[in-house]
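Presented below is the structure to which this report refers.
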Amino acid sequence: GQSLEQPSEVTAVEGAIVQINCTYQTSGFYGLSWYQQHDGGAPTFLSYNALDGLEETGRFSSFLSRSDSYGYLLLQELQMKDSASYFCAVPGAGGFKTIFGAGTRLFVKA
Amino acid sequence: AAGVIQSPRHLIKEKRETATLKCYPIPRHDTVYWYQQGPGQDPQFLISFYEKMQSDKGSIPDRFSAQQFSDYHSELNMSSLELGDSALYFCASSLRAGGRNSPLHFGNGTRLTVT
């Protein structure tokens, strides 16, 4: 099966950089994705890593180390609007479902 | 760009009643997923359809059923509702050709309240 672990909460100040970690255990590995969800809103896809290394998309970057079964989401130049929950996710066996971690709630303070 | 459309946005039902949630995926997306999300929890996978056939099944109660129709829209039918079924229900769609990690595009969800 698949399991993912990520911190439940992270707090940072506006303009700072924050890293949200995710460790996973999977029976097969097909990549690690990240989603953002604001309160009451829908999850929104942020990024995906299939290979080791850093993928950058604007202020957001995602990193993967397959040997360590570990990845992280890096948010730079934090803004108040970045306050949200962030989920790491992996495809389930068979590829017709996505399994989400429990989510990390990010609080951005002024 | 067209997004995933879900209806209704809010639904209030009493215990033991039935509910039907509808989902219209993004045009040309061939895979539809249903998720249930309780307060402060991660989305829990219920069921998925690929090209109108059930492709995977998660922790979906036997009281729930779903199908995908010829026009690719999907419906989640929930019977004998219980208080614990109160949650946000999301539908998502993706394009299988993009691979296992094709991004899921979520609708705005249906908030079901069972009283």
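Of all the residues that make up the range B:77-111, how many are within 14 Å of chain A (Cβ to nearest Cβ) and either outside any loop (DSSP other than H, G, I, E, B) or out of contact with any Cys (no Cβ under 7 Å at 6 or more places or on another chain) (or both)?
Our first condition is that a residue be within 14 Å of chain A (Cβ to nearest Cβ); within the range B:77-111, this holds for B:87-111.
With the extra rule that they be either outside any loop (DSSP other than H, G, I, E, B) or out of contact with any Cys (no Cβ under 7 Å at 6 or more places or on another chain) (or both), the set shrinks to B:87-106, B:108-111.
Final tally of qualifying residues: 24.
State which residue is modelled with the lowest pLDDT when the search covers only the range B:21-48 and only residues that are more than 17 Å from B:Ala66 (Cα to Cα) and among the charged types (D, E, K, R).
Result: B:Arg28.
For the range B:1-33, which positions are assigned to a loop (DSSP other than H, G, I, E, B), of a type in the set (A, V, I, L, M, F, W, C) and touching a residue at least 60 places away in the same chain (Cβ under 8 Å)?
Initially, the range B:1-33 is screened for residues assigned to a loop (DSSP other than H, G, I, E, B), giving B:1-4, B:8-9, B:14-18, B:25-30.
Adding the requirement that they be of a type in the set (A, V, I, L, M, F, W, C) leaves B:1-2, B:4, B:26.
Once the filter is applied, which keeps residues that are assigned to a loop (DSSP other than H, G, I, E, B), of a type in the set (A, V, I, L, M, F, W, C) and touching a residue at least 60 places away in the same chain (Cβ under 8 Å), the range B:1-33 yields B:Val4, B:Ile26.
Residue under question is A:Leu4, and the condition is that it be within 10 Å of chain B (Cβ to nearest Cβ) and more than 25 Å from A:Ala110 (Cβ to Cβ); does it hold?
Working: within 10 Å of chain B (Cβ to nearest Cβ): yes; more than 25 Å from A:Ala110 (Cβ to Cβ): yes.
Judged against the criteria, A:Leu4 is a match.
Of all residues in the range B:101-115, how many are in contact with a Lys or Arg (Cβ under 8 Å, 6 or more places away or on another chain) and farther than 17 Å from B:Leu21 by Cα?
From the range B:101-115, those in contact with a Lys or Arg (Cβ under 8 Å, 6 or more places away or on another chain) are B:102, B:108-115; that's our starting set.
Going one step further and asking which of them are farther than 17 Å from B:Leu21 by Cα, we end up with B:102, B:115.
The total comes to 2.
May I ask you to say which residue of A:Ala102, A:Ala110 is at the interface with chain B (Cβ under 10 Å from one of its Cβ atoms) and either under 12 Å from the mean Cα position of the chain (by Cα) or of a type in the set (Gly, Ala, Ser) (or both)? Lay out the reasoning, then the answer.
Details: A:Ala110 fails: at the interface with chain B (Cβ under 10 Å from one of its Cβ atoms).
Result: A:Ala102 is the single residue among A:Ala102, A:Ala110 that is at the interface with chain B (Cβ under 10 Å from one of its Cβ atoms) and either under 12 Å from the mean Cα position of the chain (by Cα) or of a type in the set (Gly, Ala, Ser) (or both).
Among (1) at pLDDT 95 or above; (2) part of a loop (DSSP other than H, G, I, E, B); (3) within 27 Å of A:Ala110 (Cα to Cα), where does A:Gly40 come up short?
Unmet condition: (1).
Could you tell me whether any residue of the range B:65-75 is within 12 Å of another protein chain (Cβ to nearest Cβ) and in contact (Cβ under 8 Å) with a residue 40 or more places away in the chain?
Quick first cut of the range B:65-75, residues within 12 Å of another protein chain (Cβ to nearest Cβ) only: none.
The answer is no, given that none of the residues of the range B:65-75 is within 12 Å of another protein chain (Cβ to nearest Cβ) and in contact (Cβ under 8 Å) with a residue 40 or more places away in the chain.
Among B:Gln54, B:Gln41, B:Gln67, B:Gln36, which is the only one that is crowded, with 21+ Cβ neighbours inside 10 Å and either touching a Gly at 6+ places or on another chain (Cβ under 9 Å) or part of a strand (DSSP E or B) (or both)? Show your work before the answer.
On the way: B:Gln54 fails: crowded, with 21+ Cβ neighbours inside 10 Å; B:Gln41 fails: crowded, with 21+ Cβ neighbours inside 10 Å; B:Gln67 fails: crowded, with 21+ Cβ neighbours inside 10 Å.
Only one candidate passes the filter, namely B:Gln36.
Here's the yes/no breakdown for (1) polar (S, T, N, Q); (2) surrounded by 21 or more Cβ atoms within 10 Å (Cβ to Cβ); (3) facing another protein chain (nearest Cβ under 10 Å):
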site: A:Glu14; (1), (2), (3): no, no, no
site: A:Ser27; (1), (2), (3): yes, no, no
site: A:Gln37; (1), (2), (3): yes, yes, yes
site: A:Ser65; (1), (2), (3): yes, no, no
site: A:Asp68; (1), (2), (3): no, no, no
site: A:Gly92; (1), (2), (3): no, yes, yes
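May I ask you to say which residue of A:Glu77, A:Glu56 is outside any strand (DSSP E or B), more than 11 Å from chain B (Cβ to nearest Cβ) and surrounded by fewer than 17 Cβ atoms within 10 Å (Cβ to Cβ)?
Details: A:Glu56 fails: outside any strand (DSSP E or B).
Step by step, each of A:Glu77, A:Glu56 is checked, and only A:Glu77 is outside any strand (DSSP E or B), more than 11 Å from chain B (Cβ to nearest Cβ) and surrounded by fewer than 17 Cβ atoms within 10 Å (Cβ to Cβ).
In the range B:29-45, which residue that is more than 9 Å from chain A (Cβ to nearest Cβ) and of a type outside the set (Gly, Ala, Ser) is farthest from B:Ser94 (Cα to Cα)? Walk me through it before giving the result.
Initial filter on the range B:29-45 (more than 9 Å from chain A (Cβ to nearest Cβ)): B:29-30, B:32, B:34, B:36, B:38-39.
Going one step further and asking which of them are of a type outside the set (Gly, Ala, Ser), we end up with B:29-30, B:32, B:34, B:36, B:39.
Details: B:His29: 5, B:Asp30: 7, B:Val32: 7, B:Trp34: 12, B:Gln36: 17, B:Pro39: 25 Å.
Checking each candidate, the answer is B:Pro39.
For A:Ser85, work out the one condition from (1) within 17 Å of A:Leu4 (Cβ to Cβ); (2) of a type in the set (S, T, N, Q); (3) in contact with a strand residue (DSSP E or B) (Cβ under 6 Å, 6 or more places away or on another chain); (4) away from chain B (no Cβ under 12 Å) it doesn't fulfil.
Failed condition: (4).
The values are calculated or read from the model by the stated rules, or taken from the named source; none is laboratory data. Computed from a predicted structure; not experimentally measured. Here Cβ is always computed from backbone atoms with ideal geometry, including for glycine, and neighbour counts include all displayed protein chains.
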